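The values are calculated or read from the model by the stated rules, or taken from the named source; none is laboratory data. Note that the coordinates shown come from a computational prediction; the quantities given were computed from them, not determined experimentally. Virtual Cβ from ideal backbone geometry, glycine too; neighbours counted across all protein chains shown.
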Number of protein chains: 2
Amino acid sequence: MLKYQYIAIEMERYITENSLQQGDKLPIIETLISHYKVSKSTIIKALKLMEDKGIVFLVRGSGIFVRGQSRQGYVNLLPSQKFEQVDHNTSPAWRKVVGMDIVGALPEVAKALGLENCSKVYTVKFVHYLEKQVLCMEQVFYNKDIISYLDKEIISNSINNYLKDVLGLKIGFSDIYLNLDKLNTEEARFFGLKLGDPMLCKEIIYHLTSGQPFCYSKAIYHYKQAKFVIKGNSVNSL
Amino acid sequence: MLKYQYIAIEMERYITENSLQQGDKLPIIETLISHYKVSKSTIIKALKLMEDKGIVFLVRGSGIFVRGQSRQGYVNLLPSQKFEQVDHNTSPAWRKVVGMDIVGALPEVAKALGLENCSKVYTVKFVHYLEKQVLCMEQVFYNKDIISYLDKEIISNSINNYLKDVLGLKIGFSDIYLNLDKLNTEEARFFGLKLGDPMLCKEIIYHLTSGQPFCYSKAIYHYKQAKFVIKGNSVNSL
């Protein structure tokens, strides 16, 4: 992790631990420079990263201010560093591995991963919980040419760390797709809902820095639990 | 608009008009510098902006590559510069103003805008269409202390330009909330769907650069039309 990323995480932790509220002012840049003992450009990079992630907003000539907490029950739609460091004992969000297999890729999966139909892929099924309620069921597919080995222990811990630290993969960008539908019989039974009740489907295609897709996730959400927030950054900078 | 923003839009147009595909390589930075007659830092800012918006990806030591088109029928969830310049005659997406009023803010609206209950707000109702199908109905609320005057002509044109150019407002960041529910009788009738069919609710709270919320939008989507894509940027940079 680069120094400015570390500082951004530290500052985010400070904001959370001190329950700072929307509009609360953070120390000036000079104070941050001397506190973290880094250059001005490092602090500015850290602040830019926090601004992009919706943690702070900058008012030119006035200072750095905290953005408000999101509404209760809404989870960040975009991946956040914090989610990597979840403590399963205290966190309201956790997941369970319910199955793992090597299968031939169906057309939908093959297309997402840029493979021929029936190419071999690892598939893992998860159930995610939030506040002890079922949040979603997720099926993840990994291109077996890129991820040649997986087991339950790796999956139960941090797959991301395994991909990065053990396999040396450079994880790049992702495409996220959302759409709505009605639950089919099997899904309705799983959630304890009725056939035809609403569901949200979230698909993510993860790419290496080279642009090659290596992982495809498809999750179906319980409609009462599917509450997402996106903290948009400056509209002006678009 | 700043020069690097202009260049980013120009380059995006070039990619669209030439139907460049995922993995297609763009010219090297030196070529872009001489083509646009700007400094290296301007080009790098433009490329960073395009990377953040999911238009290109950068491979260190290798070059700048185009990110693929999104799936057909999926619209960008995050606001994009392009959406400001929609030509209603050729674009598949357009909207109709179906009502406008000054009302007292209900608790939900007052909370979103940081106002007392019953404070005066402008409210505007829109119906959005995509490919001639009803996409969503949207109700927008504006804090009347900040936006003291609105009329149908302003609304039918670009409200954003009016807020920025006429009122001189500095538009900052936004919070986007998504959740699911079932259609009520009135909503079902509007969409020509059944009571209890799925719907997606998208709320956006827009803030000034000062952090003050000034606009709250609540939109209810037809479940067959609610298809969103988010082009995530580099996972490593999170």
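Summary of computed values
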quantity: When residues of segment B:8-24 are limited to those that are loosely packed, with under 13 Cβ neighbours inside 10 Å and more than 23 Å from the chain's Cα centre (by Cα), the one nearest to A:His207 (Cα to Cα); calculated: B:Gln21
quantity: So A:Phe191, is it buried (at least 17 other Cβ atoms within 10 Å of the Cβ), under 17 Å from the mean Cα position of the chain (by Cα) and either facing chain B (nearest Cβ under 8 Å) or modelled with pLDDT of 90 or more (or both); calculated: no
quantity: Within segment A:98-132, tally of residues that are modelled with pLDDT of 90 or more, out of contact with any strand residue (DSSP E or B) (no Cβ under 6 Å at 6 or more places or on another chain) and under 20 Å from A:Lys202 (Cβ atoms); calculated: 5
quantity: Residue within segment A:169-185 that is away from chain B (no Cβ under 14 Å) and either of a type outside the set (Lys, Arg) or touching a residue at least 60 places away in the same chain (Cβ under 8 Å) (or both) present; calculated: yes
quantity: Test: residue in segment A:177-189 that is closer than 30 Å to B:Lys53 by Cβ and among the small types (Gly, Ala, Ser); calculated: no
quantity: Top-ranked residue in segment B:43-76 [being of a type in the set (A, V, I, L, M, F, W, C) and at the interface with another protein chain (Cβ under 7 Å from one of its Cβ atoms); ranked as farthest from B:Ile204 (Cα to Cα)]; calculated: B:Val59
quantity: B:Phe214 vs. criteria crowded, with 21+ Cβ neighbours inside 10 Å and more than 10 Å from chain A (Cβ to nearest Cβ); calculated: yes
quantity: Neighbours by Cβ (under 9 Å, 6+ apart or cross-chain): first from segment B:1-24, in contact (Cβ under 8 Å) with a residue 12 or more places away in the chain and over 14 Å from B:Ser39 (Cα atoms); second β-branched (Val, Ile, Thr) and in a helix (DSSP H, G or I); calculated: B:Asp24/B:Ile15
quantity: Selected residue [among the polar types (S, T, N, Q) and within 14 Å of chain B (Cβ to nearest Cβ)] from A:Ser119, A:Ser148, A:Ser158; calculated: A:Ser158
quantity: Residue match in segment B:205-226 (condition: among the β-branched types (Val, Ile, Thr), in contact with a strand residue (DSSP E or B) (Cβ under 8 Å, 6 or more places away or on another chain), more than 30 Å from B:Lys48 (Cβ to Cβ) and modelled with pLDDT of 90 or more); calculated: yes
